[in-house]
């Protein structure tokens with residue numbers, strides 16, 4: 001079964017472009033304090049243009065106490081001094097747009113910092129006008145928390161405020177009280193936050209933790225999880241029936257989309273961690289929600305040919321008819337791609353990402369094959385280590401700085417104390433070294449992005465799956481008179497594959513067979529992928 005997709009003509013920019021996620025504290029330090037900042041991102045825009053991406057998504061840089069990596073926001077409409085100033089941001093935005101790059105921000109609607117002025121007002125008294133902007137409840141009759149709800153970061157999701165004698169709810173840290181989206185006043189304020197940035201010219205938002213946006217108003221206890229076992233996240237003890245993916249969530253996302261649609265040619269992307277069939281509802285229907293609810297299939301599936309083939313097929317089959325797909329291999333919350341799947345598979349993964357139908361997202365550093373950097377106890381930054389009682393929950397290893405070159409500080413910083421270790425021994429292949437190596441993973445990403453940009457069949461064409469045989473994942477892309485064959489050897493042994501008719505190899509992951517003519521059979525080496533075009 002083929003996807004009946006529109007061709008490249010008429011597609012929106014967010015359907016055509018490759019997105020690049022930037023974790024700002026680890027991208028480029030411009031002032032020698034050991035932390036990346038907005039001026040640093042601006043300094044590296046030429047690199048992003050060289051790579052060929054068309055849009056960047058930047059994780060939070062708003063004013064914050066940094067209890068949770070900046071996702072605890074104390075002012076949605078200001079820049080934290082750690083990252084620079086509003087002038088730094090506007091210069092970055094202007095320079096990005098001048099280079100033809102779109103810029104998307106993180107929008108964090110589920111919670112604020114407990115130091116946000118809104119929360120200070122809300123907790124001042126039970127009668128405060130902003131009391132209902134957060135979720136306050138009386139204690140349970142036994143004097144304890146109002147329900148059994150658990151925080152994603154460990155322990156109860158309720159914290160008692162001694163001043164007013166009520167508990168407030170927090171799906172994450174106690175320092176991150178949840179906002180109450182049932183409050184009309186709160187919704188209006190958050191919509192104004194969106195308008196503030198849209199008026200400045202940002203090209204859209206990635207909406208954080210959206211499935212946590214609403215909880216059961218009756219405070220019913222979540223039921224036990226019969227599949228819970230040791231080794232799972234502590235909050236998996238209960239099934240999140242009353243604390244995740246509530247029906248009202250869709251109404252409030254629709255309101256966000258209404259605001260976005262006041263501005264032409266913008267995009268709304270949602271972080272939707274749900275079983276696939278439920279995640280698809282976040283595209284919306286007659287009333288649109290997200291343009292792109294994130295598709296985490298390639299992150300969550302085992303990395304073998306049959307599992308990945310099944311994940312792709314399931315996603316395609318469940319995708320609503322008018323919806324546009326997207327593909328993600330990594331992000332700031334997951335173990336590094338090269339660590340998860342192995343160095344040998346990173347080239348195949350790059351080719352897969354750039355040849356599936358839909359919008360690709362690259363997490364900064366994955367184009368270099370960056371691996372998880374060991375972070376010692378004294379260097380730990382991720383608060384989850386403390387709240388969840390184990391270093392294995394740390395996300396620091398996926399957030400370490402980009403190594404730009406082999407100089408002291410790796411071209412990332414002039415400081416002797418970068419905020420997280422540079423990991424020179426773990427990731428010796430820096431940007432400068434890979435840029436000069438024609439066969440590097442970085443140059444493979446660059447060439448694949450360029451090929452995708454100039455090949456209509458790879459953007460708007462149909463995807464036609466082919467039978468899976470042993471370790472070989474194969475499919476075709478058809479469009480604008482082109483017929484392309486993608487063959488990926490996801491195993492450690494060579495395999496012979498058959499071709500009907502005559503084909504020309506466009507690119508391979510090992511960069512040594514471009515231009516070859518293929519007819520009959522071809523041998524794919526271990527972990528080799530190729531793209532070939534049918535010849536008439």
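Values quoted throughout were computed directly from the atomic coordinates according to the rules given, and no laboratory measurement underlies them. Just so we're clear, the structure is a prediction, and the values are computed from it rather than from any experiment. All Cβ positions, even for glycine, are placed from backbone atoms using ideal geometry, and neighbour counts span all protein chains on display.
Taken over the alpha carbons of region 462-535 as equal point scatterers, the Debye sum produces base-10 log I(q)/I(0) values at 0.11, 0.22, 0.25, 0.28 Å⁻¹ of -0.23, -0.98, -1.26, -1.50. When the helices of the chain are scored as -39500 (n - 2.57) per DSSP H run of n ≥ 4 and the total is divided over every residue, the value at 222 nm lands at -6500 deg cm²/dmol. With a cut-off of 8 Å between alpha carbons and a minimum separation of six or more residues, what is the relative contact order of region 72-148 in percent? Across region 72-148, relative contact order equals 24 percent. Percent of alpha carbon pairs in region 213-368 separated by more than 19 Å? So the pairs more than 19 Å apart make up 62 percent of the total in region 213-368.
The ellipsoid that matches the Cα gyration tensor of region 180-271 has semi-axes, each √(5λ) in whole angstrom, of 32, 16, 9, with the longest given first. So how far, in whole Å, is the C-alpha centre of region 3-74 from the one of region 276-345? Between the Cα centre of region 3-74 and that of region 276-345, the gap is 20 Å.
Going by the alpha-carbon gyration tensor, a ≥ b ≥ c the square roots of its eigenvalues, is region 282-377 rounded (a/c under 1.5) or, if a/c is not under 1.5, prolate (a/b greater than b/c) versus oblate? Prolate is the answer for region 282-377, as a/c is 1.5 or above and a/b outweighs b/c. Evaluated on region 155-225, the Kirkwood hydrodynamic radius is 14.7 Å, with distances taken between all distinct Cα atoms.
Taking all Cα pairs closer than 8 Å and separated by 6 or more residues, the relative contact order of the chain comes to 14 percent. Exposure proxy ranking for 388, 194, based on other Cβ atoms within 10 angstrom of each Cβ and starting from the fewest, stands as 388, 194. What do you get for the angle between helix 346-355 and the principal long axis of the chain? Use alpha-carbon atoms, 0 to 90 degrees, nearest ten. The angle comes out near 90 degrees. Compared with the dominant principal axis of the Cα atoms in the chain, helix 305-318 is inclined by about 60°.
Just check region 267-336 against the gyration tensor rule for me: Cα atoms, a ≥ b ≥ c as the square roots of the eigenvalues, rounded for a/c under 1.5, and otherwise prolate or oblate depending on whether a/b exceeds b/c.
oblate
The ranking of 105, 276, 488 from fewest to most other beta carbons within 10 Å of each one's beta carbon is 276, 105, 488. Taking the inverse of the mean 1/r over every pair of distinct Cα atoms in region 53-137 gives a Kirkwood hydrodynamic radius of 14.5 Å. The alpha carbon centroids of region 101-175 and region 362-383 are separated by 30 Å. In the chain, the longest principal axis of the Cα atoms and the axis of helix 184-200 are about 40 degrees apart.
State whether region 117-169 is rounded, prolate or oblate according to the following rule on the C-alpha gyration tensor (a ≥ b ≥ c being the square roots of its eigenvalues): a/c under 1.5 gives rounded; otherwise a/b larger than b/c gives prolate, and the remaining case gives oblate.
Numbers: a/c = 2.45, a/b = 1.50, b/c = 1.63.
It is oblate, given that a/c is not under 1.5 and a/b is not larger than b/c.
Would you mind ranking 531, 56 so that the residue whose beta carbon has the fewest other beta carbons within 10 Å leads the list?
Final ranking by Cβ density, sparse to dense: 56, 531.
Calculation over all alpha carbon pairs of region 388-466 in 5 angstrom steps from 0 returns a P(r) of 3, 12, 15, 14, 13, 12, 11, 10, 6, 2, 0 percent. Entry note, region 462-535: relative contact order of 32 percent, from Cα contacts under 8 Å with a spacing of 6+ residues. Remark: C-alpha extents of the chain on the principal axes read 77, 51, 48 Å, sorted largest to smallest.
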